[in-house]
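Remarks on the structure that follows.
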Amino acid sequence: LGTVAFRLENRATRPHETHMRISGMPSGNYAISINGSPVASFSGSDQEQIVRVPLPSGQDAAVTIARR
């Protein structure tokens, strides 16, 4: 697993913070990018983690989780 990419809908259409629940990622360090800009990082684990991610204004955002 090197990269996971998806689009996240922003129904509020204004900037705000959302929480992503992530689990089952292989050991390693991961970076989360929104529309190509790094916004957060976390370490892979079998345990569920909650990562706070800022969403920009607009209808949706391109989210990428990449192993470093």
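Tabulated data
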item: DSSP-assigned coil residues among GluC sites (Glu not before Pro) in region 4-63, each with at most 10 further Cβ atoms within 10 Å; result: E48
item: At R0 = 25 Å, FRET efficiency that the Cβ-Cβ distance of T13 and I50 yields, to 0.05; result: 0.60
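Coordinate-derived values only; no laboratory data. For clarity, every value in this text was computed on a predicted model and none was experimentally measured. For neighbour counting, all protein chains shown are included, and Cβ atoms are generated from backbone atoms with ideal geometry for every residue, glycine included.
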